[in-house]
Amino acid sequence: MNKFDTVLRVVHSVLEDMGLKIERDDRAAGRIVTRPYEFIIGSLTPVEVEKVAIINDPVTGSWLKAQYSVEAVIEIVSPSETMVTIRTKIQALKRDVDGTEKWVTLESLGSIERRVLGKISTKLMLGNDQPSEKKGFWNKSPQPVEPHQPEFLVPSR
């Protein structure tokens with residue numbers, strides 16, 4: 001239940017807060033697309049990819065790295081109501097036994113989409129575009145540590 005401009009600004013802010021770089025920002029069409037974000041590289045790639053996507057490809061080689069890009073579509077439902085749709089394109093770089101490498105597009109499990117939508121919803125519910133102040137342990141502000149000089153014991157004779 002927010003106006004188009006407000007939702008568009010919040011979606012843009014959330015994507016940037018998540019470390020995603022905006023590749024295309026078509027405000028007239030209500031579409032924002034991010035650059036591919038490399039979220040894992042190395043030997044743990046298959047394990048991390050299985051957390052966010054379905055791997056249908058038989059494992060005949062090795063997975064080197066994975067990336068995803070986010071597309072946000074913002075649509076006006078009524079003057080004071082806006083709908084946000086989040087889609088992700090997840091890809092993994094696979095090296096076959098013969099040494100050939102290719103990017104394989106994977107089907108998302110929806111976890112990235114839910115995380116993005118959750119952050120957008122939280123920011124809209126708070127009613128501000130500013131990040132909330134981080135609190136420390138037990139909801140107290142972080143305090144600086146007092147420098148403590150160690151006391152040296154002099155052995156007695």
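Between their Cα atoms, which of Lys21/Lys102; Lys65/Lys119; Lys94/Lys119; Lys65/Lys102 are more than 21 Å away from each other?
The answer is Lys21/Lys102; Lys65/Lys119; Lys94/Lys119.
Please list, ordered by chain and number, the residues whose modelled amide H lies under 5 Å from the amide H of Asn2; skip anything fewer than 5 residues away on the same chain.
Thr82
Find how much the distance from Ala29 to Asn56 grows on full extension, using 0.36 nm per residue of separation minus their present alpha carbon separation; answer in nm with one decimal.
Full extension of this stretch gives 6.4 nm more.
Given contacts defined as C-alpha pairs under 8 Å and at least six residues apart, what's the relative contact order of region 4-139, whole-number percent?
23
Past the 23 angstrom mark, what percentage of all C-alpha to C-alpha distances in region 4-139 do you count?
Result for the distance tail: 43 percent.
Please order Trp63, Trp103 by the number of other Cβ within 10 Å, starting at the fewest.
In increasing order of surrounding Cβ atoms, one gets Trp103, Trp63.
For each of Val52, Val11, Val97, count neighbouring Cβ atoms within 10 Å of the residue's Cβ, then give the residues from fewest to most.
Exposure proxy ranking, most exposed first: Val97, Val52, Val11.
Report the calculated FRET efficiency for Glu146 and Asp17 (r = Cβ-Cβ distance, R0 = 35 Å), to the nearest 0.05.
That gives a FRET efficiency of 0.60.
Mind giving me the FRET efficiency for Arg9 and Val104? R0 is 30 Å, r the Cβ-Cβ distance, nearest 0.05 is fine.
So, using R0 = 30 Å, E works out to roughly 0.30.
DSSP loop (so not H, G, I, E, B), at most 15 other Cβ within 10 Å: list which trypsin sites (Lys or Arg not before Pro) in region 1-38 pass both filters.
Sites meeting the loop and neighbour criteria: Lys3, Lys21, Arg27.
None of the figures in this text is laboratory data; all of them are computed from the coordinates on show. This structure is a prediction, so every number in the text was calculated from the model and none was measured. Using ideal geometry, Cβ is built from the backbone for each residue, glycine included, and neighbour counts are taken over all protein chains shown.
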